[in-house]
Structure formats: C-alpha cells, structure tokens
Amino acid sequence: MKSKASTYLVLFALLIAYATISLATKDPELKQCKDKCQTQTHFSQEEREKCAQRCEEYHREKQRRQHGGGDNFNVNPMIMDPQKEYEQCRVQCTRQPEGSRYSQEQCKSDCKEQLKQRQGQETEQERNNPYVFEDRHFITGIQTQHGRVRFLPKFTERSELFRGIENFRVSVLEADPQTFIVPSHWDADALFFVANGRGTVSLVRQEKRESFNIKQGDIMRIKAGTTSYLVNRDNKERLLLAKIVRPVNTPGQFEAFFGGGGDNPESFFNAFSDEILEAAFDTKRDRLQRLFGQQKQGVIIKASEEQIRALSRHEEGGIWPFGGESKGTFNLYKQRSTQSNQYGQLYEVDSSQFRQLRDLDIAVSLANITQGGMIAPHYNSKSTKISIVVDGEGYFEMACPHVSQGSQARRETRGSGPSYQKISSRLKRGTVLVIPAGHPYVAVASNNQNLQLLCFELNAFNNEKFLLAGKRNVVSQLEREAKELAFGMPAREVDEVFGRQQDEFFFKGPRQQQHHRGFSDE
C-alpha cells in the first residue's frame, strides 16, 4: 500500500482527469468523478469522502460559471497554486512511514516532477493570455511583520507585446494600522491611488517639507529623488496604495535609497568610507557607526500613538511646494462622475484637472460597476490601460489579434485580415489587467457584488474613448451605404441592432439581460 503522499498524488491525478472529461463534454456527470473516488481501494474512508466532496465543489463551481457567470475562464478552480501544491506534497512526504518501499526521496522527486508539469501548463496559459497578472505574479521587494511592498516584474519579461510600456511598473504598498514607513527616495516617478485606509505623506526637498493627509480615493504624485515618508494614521484599517512607477535611469528598473536606517534597512551612508563620513558630518567615527547601525526593525515599523499623532497634524490635502499652486492630492470620489446610471459610475481625472499628471502623460479613472452590470464594449485610441481590481469580483473579455491561434495560417489561406482571439479571465481583488490601445474589451461584475476597477491610462494626451454599443456608438454614425457595404446587410437591420441598446457606457450584464427581457431575432 502506498503512503499518504502517494495517495495525494493519485487524488490530484483523478481530479485532473475529471476536469479534462468535464471540459470535453457538454453535460459532465458528477457521478463519474464520485464513482472513481470510491473505486480507489488504497484510499481510507475519510479520503474517499474528501475526494467526493471536491468533486461536488468542482461541479457546483462549473454550474455557477455556466449559468451564473457567463464567462469562459479556462481555469480549473479545484487546482491550487503550483507552488502551494508542491509545498503540501513535500509535507506529506515527511510523514512517510519508516521502512516504506516508497521512500521520502522518491516522494519528493515525484512532487518536483509534478511541479514542473504544472508550471509548464501555466507557462502555456500565460503565453496565450499575457494580459492578466494575479497575486502569484507579484514579487515582494520589502516585507516586515507590519507590512510589505510588492512589484510586478517588467512587462516585457512577460511578453514583447508590452515593449511600449516597458518603462512602467506596478507596485502595491500595504501597511498595518499605526505604522511608519521610513524615509527614502527612489530613482523613479511614482503616482499612487489610496485604495484603502488613511495616512500622512511627507515630502522633503532641500529646506522644504510638506505633509499631506491622504484618504481613500486620493491620487498623489511623488517626483523622482524626493525624500518621502509615510504613516498609517488609522487605528484599525490597513493602508493600501496602488502605484504606477516610471523609472528615470534604466527603463523598467528602479531602486529605493534609504538614508535613515542601519542594518535593516541598510543606510546608503554605510557604503561610504569612514574618512568621507567623518569629513562630511564633522563627527567622530564611533558616533557615526552607532547612528548608521542602530536601526534593525525594517522599512515598515510600529509607531506609538503620540508619534503618529505628531506626524498627522496636517490639513487634508495641501499646497504643492515644488513648482506652482497645484494641490498635492486629488480625490476621485469627490469629483462628478463622467458616466453614471443604475449599472455603474465612472470617475476620471486628467492633466487638465490635476497638473501633476501632465509630464507623466497619464490619466486616472475608477469604474464602479454595479453587481450584475457591465461596461460597454469600447477601446482607447492611444492609451494603454493598466487596470487594477480594487474591490469585488467579475470577469473581462477582450478581442486580441496578437495571440490568435493559427491566425497567420488562416490569413494566408483566406487572404483576409487579422483573426481575433477572445482573451478572458476571472477578476478578483488584486488582479491586474493590461488593455492595449485599439483593443475592444468589456468588464462584467458578478451577480453578488460590485466590481471596482482602478485604471492608469498611459500615453493619455489626446486619447479618445470609442464606444461600440449603446448610445453614441461609432457604428451608428456610419453612412447608410457604409453600413450596407461593411455588414453585407440592409442598413435598416444594422440600425436595429446597434440602435437597440438605449443605455450609455454601463449596461445590464448578460444574466440581467436574460432575466429582465427576452431576445428577439426579428
């Protein structure tokens, strides 16, 4: 009889087999999976029950997708993250009974082989859909027990399709209540959005210092080289900042420079010779060594209530001290929505409203899609959109000519234009999407909660948004003859389809549409 580790691998193989069968058939049978669980004689009764339970969970999730989500995720929800799978498998190996024919070494070898297979599958999926980034794609650059800073790798490491945005990076900062992020400067411009919580940001350049109390919905720009530090001034809420970063030295690469610090974080002063430091500070070596060796708590540290209170005694917002009268922060939630109906609201800001965006050539928007609602199919003329899910769940679909399977062969055979592949993915909090210019796409909120999408639109100057359905869609503006020639149908029929939707930008989603009214083929 095999060990529990072997059992785990067999169970996993069963689930893979069931998933393959399910996806290949129109109406997958739950009974088939559960019967296979029962026929595994080396399973204990508890393991058989767990196997059957996971079959039911998979079946329920698949039914939900087919009848509730309306999307095509191409993801098996029963299969966990490959690295977690591997770690769990190795733990099972350590429980291998002594003297067993299936040794721990063989068990761990099997775990490693399974990891390679799973990573190979995911690499293929990412090659077919390079536009979606999930939690597992983030790299943790800074972490303490009180918070962390994470980054996405350079976009061009994922695909050469992103060469146009290779000098931008996405970063997320999370800090516990009542914490302090130590002073530093970066060789990059940063634009951040406060997704949750409230804090105070202080900026220092030469003899000037300005502090801004920030809250949810605020946008703020920190210029490269500016020494900055931050506190989470809330007693309960975590502070969450979503950032777009533009390096000023090497494209796509940037670093933090900590002057304060010691061993952790390391102070850049420690890179200089003792003689230079003694001369620069006119201070004895031993005292300098104590100063630049004392801090060992990390970048994000706990602060006392008195310290937080002292660092937070500032008005909301403030005046930008480094070049003009522009406010240091801009709150999206306080602006009038540019699109609004019962299915969602869109808030937008560009450089005409917030001057700090001008030289970055970035616009920022926040779409709040009501549960069950959707954004109209549309595309941007120039902007590449980096979207971050700040709350809720849903899915998106996009038409893409770059990853179409067999598109080149079809072009050569038919002598036609490009062929388009549907790119789709589940959306949840923390998911990052890249929507290139010209690519039509839609986003749909789940039936259970709203979906909030924060969007950084790169190359924003003179960008236009073109709607493909609903009021003011571009097709409706074509001449009658152009419609007939383009669609090969009478213009009247084209108008009936493209003129039927009376809402603008936000619509009822697929399930709401079917629930509230029938479709007509007339």
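What follows draws every value from the coordinates through simple rules; no lab data is involved. What you see is a predicted model; the values in this text were computed from it and never measured. Using ideal geometry, Cβ is built from the backbone for each residue, glycine included, and neighbour counts are taken over all protein chains shown.
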Margin query: Taking the Cα centroid of segment 163-226 and of segment 473-487, what is the distance between the two, rounded to the nearest whole Å?
Written below: 47
Next item on the list: With 26 Å as the limit, write out which pairs from 31/422; 428/508; 215/243; 422/471; 31/108 have Cα-Cα distances beyond it, or answer none.
Entry: 31/422; 31/108
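Assuming R0 = 60 Å, can you tell me the calculated FRET efficiency for the pair residue 340 and residue 113, based on Cβ-Cβ distance, to the nearest 0.05?
0.65
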Check: Say R0 is 56 Å: what FRET efficiency, to the nearest 0.05, do residue 90 and residue 487 get from their beta-carbon distance?
Finding: 0.45
Check: What is the spin-label model distance, in nm, from residue 257 to residue 358 if the labels are put 7 Å beyond Cα along the C-beta direction?
Finding: 2.6
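Report the full-extension gain for the segment residue 264 to residue 429: residue separation times 0.36 nm, less the Cα-Cα distance, to one decimal in nm. It would help to have the intermediate numbers written out before the result.
On the way: separation 165, 0.36 × 165 = 59.40 nm, distance 3.08 nm.
Computed gain between residue 264 and residue 429 is 56.3 nm.
Quick one: dipole size for segment 161-212, taken about the Cα centre, charges +1 on Lys/Arg Cβ and -1 on Asp/Glu Cβ, in debye to the nearest 20. Write down the numbers at each step before the final one.
On the way: 6 positive and 7 negative charges, 22 e Å.
So the dipole magnitude of segment 161-212 works out to roughly 100 debye.
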Next item on the list: Select from 258, 312, 273 the residue farthest towards the positive end of the dipole of segment 234-314; place +1 on Cβ of Lys and Arg, -1 on Cβ of Asp and Glu, and compute about the Cα centre.
Entry: 312
Check: How far apart, in nm, are the 7 Å Cα→Cβ label points at residue 381 and residue 449?
Finding: 3.8
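For residue 391 and residue 166 in one chain, what is 0.36 nm times their gap in residues minus the Cα-Cα distance, to one decimal in nm?
78.4 nm
What shape does segment 154-295 take by its C-alpha gyration tensor, where a ≥ b ≥ c are the square roots of the eigenvalues and a/c under 1.5 counts as rounded, a/b above b/c as prolate, and the rest as oblate? Write out the running numbers ahead of the final one.
Numbers: a/c = 2.22, a/b = 1.34, b/c = 1.65.
Judged from the Cα gyration tensor, segment 154-295 comes out oblate (a/c at least 1.5, b/c at or above a/b).
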Checklist line | Derived scalar couplings ³J(HN,Hα) [segment 345-352; Karplus, 6.51 cos²θ - 1.76 cosθ + 1.60; whole Hz; x for Gly, Pro] | finding: 9, 10, 10, 9, 8, 10, 5, 6
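Once the cut-off is 13 Å, how many percent of the Cα-Cα pairs in segment 430-479 end up in the long-distance tail? If you can, show how the numbers build up before the last one.
On the way: 876 of 1225 pairs.
Of the Cα pairs, 72 percent sit more than 13 Å apart.
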Checklist line | Förster radius 51 Å - calculated FRET efficiency between residue 291 and residue 156 (Cβ-Cβ, nearest 0.05) | finding: 0.80
